[in-house]
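Novice: This is the structure I have questions about; it appears just below.
The values are calculated or read from the model by the stated rules, or taken from the named source; none is laboratory data. From a predicted model like this one, the values you see are computed outputs, not experimental measurements. Note that each Cβ is placed from the backbone with ideal geometry, even for glycine, and that neighbours are counted across all protein chains shown.
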Amino acid sequence: MAIEVEFLGHSGFILRGAEGTVVIDPFLTGNPVAVKKAGEVQCNYVALTHGHEDHFGDTLSIAKSNNAKVIAAYEICEYLGAEGVHTEPANPGGRIETDFGWVALTQAFHSSSYKGQYMGMPCGVVVHFKAESFTLFHLGDTALFSDLKLIGEMYRPDVACIPVGDRFTMGPEAGKLAAEMIKPRVAIPIHWGTFDALAQDISAFKPDGVEVRQMKAGEMVKLGGVAG
């Protein structure tokens, strides 16, 4: 069986499996490349990498309209819980069991705040769909760090979503090294081209031994999994 992977633009995704749907970093309102509106999103879970507005995005409205649980760092969940949202707080290294499988948070080197409020550690997000034996690793916003190799060995992701926009995250050259350390079957470049400050040319993102799949906002693909 395959997972439907829909790219929302920038760093956002919808992952649809037989037993659940997860939205990651749903930045739609104010996203210049987005083609979907927040009110059109249906899901059971929202997973957040960190609190910056181009990732937190429409989490509040999507979570409330779907009665969805939000999986994120403890401080983000404290903020959302005060707004009446169901949450599953965690931190890097932790795993949350879900109806469809599990979600784990990993380390990321970045920062995290929302409207000037500290929002805990930035994270990467690993999503595993048990029925489909499919694992996706969303790196969030991060610099290059050597433990990406260890994360790849631990989770053996089928797909890795890798930021390559430079300035605030890795650029395409560092992203290439990250993909080669993680060794997914497919790498999807994210967090580039959305705004003028981000890299517009990522032609250097050519990791050896990894298929690169550039996706446009609104594009959907079906990807199979082999990871356990």
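Novice: Which count do you get for residues in the stretch 92-106 that are buried (at least 19 other Cβ atoms within 10 Å of the Cβ) and either in a loop (DSSP other than H, G, I, E, B) or not aliphatic (A, V, I, L, M) (or both)? I'd like the intermediate steps shown before the answer.
Specialist: Of all residues in the stretch 92-106, those buried (at least 19 other Cβ atoms within 10 Å of the Cβ) come to 98, 100-101, 103-106.
Keeping just the survivors that are either in a loop (DSSP other than H, G, I, E, B) or not aliphatic (A, V, I, L, M) (or both) gives 98, 100-101, 106.
Here the count works out to 4.
Novice: Specify which of the listed residues (PRO26, PRO89, PRO32) is closer than 26 Å to SER133 by Cα and in a loop (DSSP other than H, G, I, E, B). Before the answer, list the steps.
Specialist: On the way: PRO89 fails: in a loop (DSSP other than H, G, I, E, B); PRO32 fails: closer than 26 Å to SER133 by Cα.
Within the list PRO26, PRO89, PRO32, the selection yields PRO26.
Novice: Among the residues in the stretch 29-48, are any of a type outside the set (A, V, I, L, M, F, W, C), surrounded by fewer than 23 Cβ atoms within 10 Å (Cβ to Cβ) and on the phi > 0 side of the Ramachandran plot?
Specialist: At the first step, the residues of the stretch 29-48 found to be of a type outside the set (A, V, I, L, M, F, W, C) are 29-32, 36-37, 39-40, 42, 44-45.
Filter once more, so that each one left must be surrounded by fewer than 23 Cβ atoms within 10 Å (Cβ to Cβ): 29-32, 36-37, 39-40, 42, 44.
If we keep only those that are on the phi > 0 side of the Ramachandran plot too, we end up with 30.
Yes, there is a match, as at least one residue in the stretch 29-48 is of a type outside the set (A, V, I, L, M, F, W, C), surrounded by fewer than 23 Cβ atoms within 10 Å (Cβ to Cβ) and on the phi > 0 side of the Ramachandran plot.
Novice: Select from the stretch 164-175 the residues that are farther than 18 Å from GLU53 by Cα and crowded, with 23+ Cβ neighbours inside 10 Å and write down the one among them that is nearest to the chain's Cα centre (by Cα).
Specialist: Once the filter is applied, the top-ranked residue is VAL164.
Novice: May I pose another question? Does VAL41 meet the test of being farther than 14 Å from TYR114 by Cβ, among the hydrophobic types (A, V, I, L, M, F, W, C) and touching a Gly at 6+ places or on another chain (Cβ under 9 Å)? Talk me through it step by step, then tell me what you get.
Specialist: Values: farther than 14 Å from TYR114 by Cβ: yes; among the hydrophobic types (A, V, I, L, M, F, W, C): yes; touching a Gly at 6+ places or on another chain (Cβ under 9 Å): no.
Here the answer is no, as VAL41 does not meet what is asked.
Novice: Return yes or no: is GLY140 in contact with a Cys (Cβ under 7 Å, 6 or more places away or on another chain) and either at positive phi or among the small types (Gly, Ala, Ser) (or both)? Before the answer, list the steps.
Specialist: Working: in contact with a Cys (Cβ under 7 Å, 6 or more places away or on another chain): yes; either at positive phi or among the small types (Gly, Ala, Ser) (or both): yes.
Yes; evaluated as a whole, the condition is true for this residue.
Novice: Please go through the stretch 14-23 and give me each residue that is in contact with an Asp or Glu (Cβ under 8 Å, 6 or more places away or on another chain) and either over 15 Å from PHE134 (Cα atoms) or among the basic types (Lys, Arg) (or both), ordered by number. Can you show your working first?
Specialist: Of the residues in the stretch 14-23, the ones in contact with an Asp or Glu (Cβ under 8 Å, 6 or more places away or on another chain) are 14-20.
Answer for the stretch 14-23, where residues must be in contact with an Asp or Glu (Cβ under 8 Å, 6 or more places away or on another chain) and either over 15 Å from PHE134 (Cα atoms) or among the basic types (Lys, Arg) (or both): just ARG16.
Novice: To continue, here is another question. Among VAL186, VAL226, VAL221, which is the only one that is at pLDDT below 95, aliphatic (A, V, I, L, M), in contact with an Asp or Glu (Cβ under 9 Å, 6 or more places away or on another chain) and surrounded by fewer than 23 Cβ atoms within 10 Å (Cβ to Cβ)? Spell out how you get there, then give the answer.
Specialist: Details: VAL186 fails: at pLDDT below 95; VAL221 fails: at pLDDT below 95.
Checking each option against the conditions leaves just VAL226.
Novice: Among the residues of the stretch 36-85, what is the count of those that are part of a loop (DSSP other than H, G, I, E, B) and of a type in the set (A, V, I, L, M)?
Specialist: In the first step, residues of the stretch 36-85 are kept if they are part of a loop (DSSP other than H, G, I, E, B); the result is 36-37, 41-44, 48-52, 57-58, 67-68, 82-85.
Pick out the ones that are also of a type in the set (A, V, I, L, M) and you get 41, 48, 68, 82, 85.
Residues flagged as part of a loop (DSSP other than H, G, I, E, B) and of a type in the set (A, V, I, L, M) within the stretch 36-85 amount to 5.
Novice: Can you spot a residue in the stretch 187-200 that is without any contact (Cβ under 8 Å) to a residue 40 or more places away in the chain and closer than 25 Å to ALA131 by Cα?
Specialist: We begin by selecting, within the stretch 187-200, every residue without any contact (Cβ under 8 Å) to a residue 40 or more places away in the chain; these are 187, 189, 192, 196-200.
Checking the rest, the ones that are also closer than 25 Å to ALA131 by Cα come to 187.
Taking every residue of the stretch 187-200 in turn, at least one turns out to be without any contact (Cβ under 8 Å) to a residue 40 or more places away in the chain and closer than 25 Å to ALA131 by Cα.
Novice: From the residues in the stretch 197-216 that are small (Gly, Ala, Ser) and either closer than 13 Å to LEU177 by Cα or at pLDDT below 95 (or both), which one is surrounded by the fewest Cβ atoms within 10 Å (Cβ to Cβ)? Walk me through how you get there before you give the answer.
Specialist: Step one: list which residues in the stretch 197-216 are small (Gly, Ala, Ser), which gives 197, 199, 203-204, 209.
So of that shortlist, the ones also either closer than 13 Å to LEU177 by Cα or at pLDDT below 95 (or both) come out as 204, 209.
Numbers: ALA204: 13, GLY209: 9.
The extreme case among them is GLY209.
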